[in-house]
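Below you'll find the structure, written out as structure tokens, and then a few comments.
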Ligand SMILES: NC(=O)c1ccc[n+]([C@@H]2O[C@H](COP(=O)([O-])OP(=O)(O)OC[C@H]3O[C@@H](n4cnc5c(N)ncnc54)[C@H](O)[C@@H]3O)[C@@H](O)[C@H]2O)c1
């Protein structure tokens, strides 16, 4: 099969592309390699993809109609599009909401239009547990999510509902995958797992928002990438939670696992809880298990060990990329 994967130099995109290539598929990847976080880390992921037969990289902006149309003209057709390109920072979205609208909402629309024009009938769209803010945890796909509390969440919801219109009007088959706090090797430097590892290793205080009892349903990168690929199967229009699906883990417990893996104790610098943050995220994942045959396989202690190992192997160049 031939897939378009947007955000291919990103954390989830690069691992998903690797698994697709392992399965013998062709992958055209789009990314603008922006500097929201270390472009060197994005390059690092991309460099390893570019050694793989079956992978082609297109530099471009998903928010630009011209870039998307040029890519579809060059590649002609795809069996499916996996849209992972996004601006993905909750707090950063408050500073530049228009950029979030352009990338996350308009970008998805640009892809849907190009799909309609070229007859591509399958979309997997990455969405987020941030949509559930304000709902009672654990979260189900059927929960009402039309009161997002950040521009990031609002633009992700906008993409979900636009995809529904294209499903209704043009029979595009759509799987929405709502990810829950993804962590793992080559992870995002703007998210706590990698930052905490870095700060603890360097003996610097960890900036922890709130009292550390807020909890997350951490999900290991390989499980997320595998779930994203399973979501390529035809479903009509469906939303799937991809989350750890176990007891959510507090930030303090998560820090303890990092301390064990590093053999070092954290110094904690407590900061006030942020109003766009969530106290707990826990996923009900029965639907992904029943409909996609997906369930997470890597437990948290193992995942943290693998992440710490990757950090230590790459520390010499990575440390300069992490604030
Ligand atoms: N990592 C998580 O915990 C998490 C949780 C929920 C949802 N998500 C969603 O999963 C998807 C992947 O996230 P990630 O963690 O890999 O983030 P990431 O930032 O590592 O990856 C996104 C990639 O998209 C690229 N990109 C951004 N704007 C672009 C544009 N205008 N044109 C082309 N490329 C662009 C970036 O350069 C980056 O490489 C995103 O849609 C994100 O919203 C991630």
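The values are calculated or read from the model by the stated rules, or taken from the named source; none is laboratory data. Predicted model only: the values in this text are computed from it and were never measured. Neighbour counts are summed over all protein chains in view; Cβ atoms, including those assigned to glycine, are modelled from backbone coordinates with ideal geometry.
Residues that are surrounded by fewer than 19 Cβ atoms within 10 Å (Cβ to Cβ), in a helix (DSSP H, G or I) and either more than 16 Å from the chain's Cα centre (by Cα) or within 12 Å of the ligand (Cβ to nearest atom) (or both): does segment 202-223 have at least one? Yes; the residues of segment 202-223 include at least one that is surrounded by fewer than 19 Cβ atoms within 10 Å (Cβ to Cβ), in a helix (DSSP H, G or I) and either more than 16 Å from the chain's Cα centre (by Cα) or within 12 Å of the ligand (Cβ to nearest atom) (or both). The residue list 28, 74, 66 contains one member that is modelled with pLDDT of 95 or more, in contact with a strand residue (DSSP E or B) (Cβ under 9 Å, 6 or more places away or on another chain), outside any loop (DSSP other than H, G, I, E, B) and surrounded by fewer than 21 Cβ atoms within 10 Å (Cβ to Cβ), which is 74. For segment 167-184, the count of residues that are under 16 Å from residue 313 (Cα atoms), in contact with a helix residue (DSSP H, G or I) (Cβ under 9 Å, 6 or more places away or on another chain) and at pLDDT 95 or above is at least one. Mind checking which residues of segment 15-46 are within 17 Å of residue 78 (Cα to Cα) and more than 8 Å from the ligand (Cβ to nearest atom)? Once the filter is applied, which keeps residues that are within 17 Å of residue 78 (Cα to Cα) and more than 8 Å from the ligand (Cβ to nearest atom), segment 15-46 yields 16, 17, 20, 21, 23, 24, 25, 26, 27, 28, 29.
Being free of Cβ contacts under 8 Å to residues at least 40 places away in the same chain, more than 14 Å from the ligand (Cβ to nearest atom) and either buried (at least 24 other Cβ atoms within 10 Å of the Cβ) or part of a helix (DSSP H, G or I) (or both), is that true of even one residue in segment 148-157? No, every residue in segment 148-157 fails to be free of Cβ contacts under 8 Å to residues at least 40 places away in the same chain, more than 14 Å from the ligand (Cβ to nearest atom) and either buried (at least 24 other Cβ atoms within 10 Å of the Cβ) or part of a helix (DSSP H, G or I) (or both).
Scoring residue 13 on the criteria (1) closer than 25 Å to residue 172 by Cα; (2) in contact with a helix residue (DSSP H, G or I) (Cβ under 7 Å, 6 or more places away or on another chain); (3) not in a loop (DSSP other than H, G, I, E, B) leaves a single failure, condition (2).
Residue pairs, Cβ under 6 Å, 6 or more apart or interchain, first in segment 92-104 and under 17 Å from residue 7 (Cβ atoms), second in a helix (DSSP H, G or I) and away from the ligand (no atom under 12 Å from the Cβ). List them. These pairs meet every condition: 93/151; 100/151.
What about residue 254, is it more than 11 Å from the ligand (Cβ to nearest atom), surrounded by 18 or more Cβ atoms within 10 Å (Cβ to Cβ) and either under 21 Å from residue 1 (Cβ atoms) or without any contact (Cβ under 8 Å) to a residue 24 or more places away in the chain (or both)?
Here the answer is no, as residue 254 does not meet what is asked.
Looking across 33, 5, one residue alone is surrounded by fewer than 24 Cβ atoms within 10 Å (Cβ to Cβ) and more than 19 Å from residue 194 (Cα to Cα). It is 33.
Here residue 101 meets each of (1) in a helix (DSSP H, G or I); (2) closer than 26 Å to residue 227 by Cβ; (3) in contact with a helix residue (DSSP H, G or I) (Cβ under 7 Å, 6 or more places away or on another chain); (4) within 12 Å of the ligand (Cβ to nearest atom) with one exception, condition (2).
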